[in-house]
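**Q** One structure coming up, written as structure tokens, with questions to follow.
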Amino acid sequence: MGKKAVLAFDYGASSGRLVLGILNEDTKKIELKEMHRFKNCSVKLNQYEYWDFPYLYNELKEGLKKVFSKESVVTSENIEVLGLGVDTWGVDYGWIDERGELLSLPICYRDTRTEEVFEEVHSKVSLEEIFNETGVQFYSFNSVYQIFYDIHKRKVLEKGAKQLQFMPNLFAYFLTGKKSWEYTISSTSGMVNIDNKKWSKKIFEKLDIPESIVGDIEHGGQVLAPLKETIQKELGIKPLNVILTASHDSAAAIAGAPLVENSLYVINGTWSIIGFESDVSVVNEEAFKNNIVNEGGIEKKARVLKMIPGLWILQQLKKIFNEKNLDIDYSDFGNMAKKSNLISFVDLENERFLHAEKMDMEIKEYCRETGQEVPETDEDLLRVAYNSLKKQYNKSIKELEKLVGNEFTSIIAIGGGIQDKFLCQEISDETNRVIKAGPIEASAFGNIITQFIALGLVKNLEEGREIVKNSVEIIEYKSKRKEEK
């Protein structure tokens with residue numbers, strides 16, 4: 001009997017990859033193999049910033065060809081591939097016309113068109129109403145603003161648009177011919193009712209948006225439809241099921257996080273996400289004031305979270321080092337920061353750091369303005385960056401704890417950012433609690449275990465997380481403050 005596996009297509013805003021997840025039913029482990037990787041970037045065409053969807057879809061097909069080629073591990077090891085699932089970033093979508101064709105390229109969330117309609121949207125439905133109804137906070141890129149603009153300014157319905165498909169479901173649609181609106185990705189729109197997990201009639205009515213542009217919301221963990229026969233023939237591959245997985249990449253990452261009772265999760269990225277999984281959403285005045293977001297998870301869970309500026313400050317310093325032709329890589333950052341004793345820090349939520357063209361100068365100016373010691377060397381700059389990150393994390397954790405009236409005992413850190421061991425230790429020391437780091441490939445794991453749930457090979461999310469624990473090394477960081485006591 002051959003090994004059983006599924007394929008996870010994981011699209012990010014800067015790159016995408018295809019990962020093969022092989023399940024060992026005896027050892028209860030999953031082995032990951034990256035089969036294909038490609039770049040992604042938005043493209044400016046006249047007025048708008050678009051995603052190159054035909055290119056991204058073609059890379060998906062190129063990945064499938066690699067998987068089923070004669071040289072592939074799938075062929076040489078007689079691996080039975082049972083399905084594929086797609087996850088992507090949130091909020092973005094494409095319009096489908098009455099013939100089932102893509103009306104135009106999907107517009108990127110970085111596009112500034114929504115700035116034109118903020119006041120008009122909020123004159124019809126207040127920010128507080130949107131939050132109380134959907135649990136989603138004010139972000140200019142949210143789908144609700146994009147869709148309002150497209151319908152009332154771009155006039156897409158008059159140009160033939162019939163329905164929209166969020167990005168992961170758009171890929172699945174062209175693979176199968178079947179439309180879908182999966183819960184985790186739909187929940188990022190600011191248009192899903194927080195209680196019944198269906199489209200909010202109030203939001204649609206107040207913004208004069210027809211409900212016909214969407215269909216019923218479905219939940220990840222079920223087979224969507226078989227791959228089109230025309231695609232099987234085009235690529236020369238065997239029949240394959242397309243599976244409705246955790247379509248939003250953050251939801252996939254949380255599904256793949258080995259959470260335990262009373263733990264927080266941290267996804268370290270350009271924007272870092274700190275939150276907890278809950279059976280119920282948290283929508284109250286305290287949550288609204290502190291910019292707490294509620295999004296959907298697998299098994300109808302709520303992901304209560306704070307989205308904060310994260311590794312952006314390190315990425316911008318790396319850019320400056322590159323411009324100076326300095327041979328400094330991310331792996332050098334921690335050791336460099338250790339050489340500085342500065343205790344200065346900046347407020348990462350201050351708008352100036354989100355739009356800083358010269359991060360080093362912005363850091364120095366902020367420290368000068370706030371009466372702190374001004375960093376002089378590259379080591380000092382990195383020390384200030386790490387100081388700022390750990391304080392921002394600690395502040396967000398305390399806001400979440402105040403929200404629920406409970407202290408979280410541990411933090412589960414996932415994603416590529418956990419490769420920065422210095423940062424993990426700094427967060428542990430600052431928050432005075434244990435950091436359990438792993439897996440790096442959380443979104444791929446979450447996508448994959450959700451597919452195995454759909455196929456009946458994994459019972460539920462709890463069992464899936466146990467499999468993830470068995471499959472990876474979890475590195476534990478203990479607070480030095482606790483050890484010193």
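The values are calculated or read from the model by the stated rules, or taken from the named source; none is laboratory data. Predicted, not measured: the structure shown is a model, and the values here were computed from it. Every residue, glycine among them, receives a Cβ derived from its backbone with ideal geometry; neighbour counts consider all protein chains shown. Accessible surface is based on the protein model in full, side chains and every heavy atom, while ligands, DNA and RNA are left aside. Shrake-Rupley method; radii C 1.70, N 1.55, O 1.52, S 1.80 Å.
**Q** Can you say whether Val242 is open to solvent by 20 Å² or more (accessible area, probe 1.4 Å), in a strand (DSSP E or B) and modelled with pLDDT of 95 or more, as far as the supplied structure shows?
**A** Values: open to solvent by 20 Å² or more (accessible area, probe 1.4 Å): no; in a strand (DSSP E or B): yes; modelled with pLDDT of 95 or more: yes.
Against the criterion (open to solvent by 20 Å² or more (accessible area, probe 1.4 Å), in a strand (DSSP E or B) and modelled with pLDDT of 95 or more), Val242 does not qualify.
Residue by residue, here is whether (1) within 30 Å of Ser15 (Cβ to Cβ); (2) among the basic types (Lys, Arg) holds:
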{"position": "His355", "(1), (2)": "yes, no"}
{"position": "Val374", "(1), (2)": "no, no"}
{"position": "Asp378", "(1), (2)": "yes, no"}
{"position": "Arg383", "(1), (2)": "yes, yes"}
{"position": "Thr409", "(1), (2)": "no, no"}
{"position": "Ile418", "(1), (2)": "yes, no"}
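**Q** Oh, and also: Suppose we keep only residues that are assigned to a loop (DSSP other than H, G, I, E, B) and farther than 22 Å from Glu98 by Cβ within the stretch 138-172. Which one would you say is most open to solvent (accessible area, probe 1.4 Å)?
**A** Phe138
**Q** Answer yes or no: is there a residue in the stretch 119-137 that is open to solvent by less than 30 Å² (accessible area, probe 1.4 Å), under 30 Å from Ile449 (Cα atoms) and touching a Pro at 6+ places or on another chain (Cβ under 7 Å).
**A** no
**Q** Cβ-Cβ below 6 Å, separation at least six or inter-chain, first residue in the stretch 66-83 and exposed (fewer than 12 other Cβ atoms within 10 Å of the Cβ), second among the small types (Gly, Ala, Ser): which pairs?
**A** Cβ pairs passing all conditions: Asn78/Gly2.
**Q** Step by step: first the residues of the stretch 1-22, then only those that are free of Cβ contacts under 8 Å to residues at least 60 places away in the same chain and aliphatic (A, V, I, L, M), then the one that is surrounded by the fewest Cβ atoms within 10 Å (Cβ to Cβ). Which residue is that?
**A** My answer is Met1.
**Q** Being within 25 Å of Ala413 (Cβ to Cβ), in a loop (DSSP other than H, G, I, E, B) and under 31 Å from the mean Cα position of the chain (by Cα) is true for just one of Leu348, Leu381. Which residue is that?
**A** Within the list Leu348, Leu381, the selection yields Leu348.
**Q** Test of understanding: among Ile79, Ile96, Ile107, which residue is under 22 Å from Leu457 (Cβ atoms), of a type in the set (A, V, I, L, M, F, W, C) and touching a strand residue (DSSP E or B) at 6+ places or on another chain (Cβ under 9 Å)?
**A** Only one candidate qualifies: Ile79.
**Q** Let me ask something additional. Which residues, taken from the stretch 108-137, are out of contact with any Gly (no Cβ under 9 Å at 6 or more places or on another chain), outside any loop (DSSP other than H, G, I, E, B) and of a type in the set (S, T, N, Q)?
**A** Answer for the stretch 108-137, where residues must be out of contact with any Gly (no Cβ under 9 Å at 6 or more places or on another chain), outside any loop (DSSP other than H, G, I, E, B) and of a type in the set (S, T, N, Q): Thr114, Ser123, Asn132.
**Q** Right, next: Only one of (1) open to solvent by 10 Å² or more (accessible area, probe 1.4 Å); (2) in contact with a Ser or Thr (Cβ under 9 Å, 6 or more places away or on another chain); (3) farther than 21 Å from Ile411 by Cβ fails for Ser281. Which number is that?
**A** (2) is the only condition that Ser281 fails.
**Q** Same structure again: In the set Glu34, Glu62, Glu25, which member is within 20 Å of the chain's Cα centre (by Cα), open to solvent by 60 Å² or more (accessible area, probe 1.4 Å), in the same structural domain as Val223 (by the TED database) and not basic (Lys, Arg)?
**A** Values: Glu62 fails: within 20 Å of the chain's Cα centre (by Cα); Glu25 fails: within 20 Å of the chain's Cα centre (by Cα).
Just a single option satisfies the conditions, and that option is Glu34.
**Q** Restricting to the stretch 187-237, name every residue that is among the polar types (S, T, N, Q) and either open to solvent by less than 20 Å² (accessible area, probe 1.4 Å) or touching a residue at least 40 places away in the same chain (Cβ under 8 Å) (or both).
**A** Residues of the stretch 187-237 that are among the polar types (S, T, N, Q), as a first pass: 187-189, 193, 196, 200, 212, 222, 230, 232.
Answer for the stretch 187-237, where residues must be among the polar types (S, T, N, Q) and either open to solvent by less than 20 Å² (accessible area, probe 1.4 Å) or touching a residue at least 40 places away in the same chain (Cβ under 8 Å) (or both): Ser187, Thr188, Ser189, Asn193, Ser200, Ser212, Gln222.
**Q** Which one of Ile292, Ile273 is surrounded by 22 or more Cβ atoms within 10 Å (Cβ to Cβ), under 13 Å from the mean Cα position of the chain (by Cα), among the hydrophobic types (A, V, I, L, M, F, W, C) and within 28 Å of Asp420 (Cα to Cα)?
**A** Answer to the check: Ile273.
**Q** Next up: In the stretch 84-118, what residues are in contact with a Leu (Cβ under 7 Å, 6 or more places away or on another chain) and surrounded by fewer than 22 Cβ atoms within 10 Å (Cβ to Cβ)?
**A** Listed by number, the residues that qualify are Ile96, Asp97.
**Q** Answer yes or no as to whether Glu299 is open to solvent by 50 Å² or more (accessible area, probe 1.4 Å) and in a helix (DSSP H, G or I).
**A** Taking the combined requirement at face value, the residue satisfies it.
**Q** Counting only residues that are within 28 Å of Ser340 (Cα to Cα) and either touching a residue at least 40 places away in the same chain (Cβ under 8 Å) or of a type in the set (S, T, N, Q) (or both), which one in the stretch 395-411 is surrounded by the most Cβ atoms within 10 Å (Cβ to Cβ)?
**A** Among them, the one singled out is Ser396.
**Q** What is the number of the single condition among (1) closer than 26 Å to Glu351 by Cβ; (2) assigned to a strand (DSSP E or B); (3) open to solvent by less than 30 Å² (accessible area, probe 1.4 Å) that Ala287 does not meet?
**A** (2)
**Q** At pLDDT 95 or above, open to solvent by 10 Å² or more (accessible area, probe 1.4 Å) and within 21 Å of Ile237 (Cβ to Cβ): which single residue out of Tyr57, Tyr50 fits that description?
**A** The unique qualifying residue is Tyr57.
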